[in-house]
Amino acid sequence: MRNARGIVIESLLVAVFGLIAALAANALSPRGLGLSRNYFPETGSPRRESANTGSNNPSAPSLPANPSSDVAQRLQQRGLQLVANQEVVELFRDPRYEQGLVIFVDARDEPHYAAGHIPGAWQLDRFRPEQYLPAVLPACLSALKVVVYCNGGECEDSEFAAIMLREAGVPRETLFVYAGGITEWKASRLPVETGVRRSGELHPP
């Protein structure tokens, strides 16, 4: 019994001295581990983590960026300008729209365009430019503002169509992309035209 007890005490002493030696070596080593660091953080949602962190803590994780700011940054990288929903509505009601000085360009394909587009908008399916550019380009070249849109959200057809117009000679400063697209337009309870351009078939959303 005495031998067993002596072995236990001896083992504890070895463990304690070993721990002390290890801590001392870690503290002196330039590659030592930070003992206060959490090497296994919880994978909770960023929103919940930020809610539990004080707002005056500079190291607090921030919420994900607004998607619209991501779109604006992407457009800026592509040399394009973003136009917001409110300004789009103002341009639509601007007398210059009826004069052809403000142009709306729908970058979607024929079925989507015919199903409903901004009244008077030109169509430019970017996958069939030869079919639409001869009619759309002269109108865009004489306009003061050209607003290109598609479905909105993750749809980037409007951006590629705007780049196509720019490369065809439309001045950069007159080109704008309506990121909200027809989805935001309908959500704003604005009129939609079906069929061909200037069909007169207007429908409330």
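When DSSP beta bridges are limited to those with both residues in region 68-196, what percentage is antiparallel, rounded to the nearest 5?
5 percent
Computed from the C-beta positions of S142 and A84, the FRET efficiency with R₀ = 41 Å rounds to 0.95. Close amide H contacts of L82 (hydrogens built in the peptide plane, cut-off under 5 Å, sequence separation of 5 or more or a different chain): V177.
Where a number appears in this text, it was derived from the coordinates with a stated rule and is not lab data. On a predicted model such as this, the values are computed, not experimentally measured, just so you know. Cβ sites come from the backbone with ideal geometry, for glycine too, and all protein chains shown count toward neighbours.
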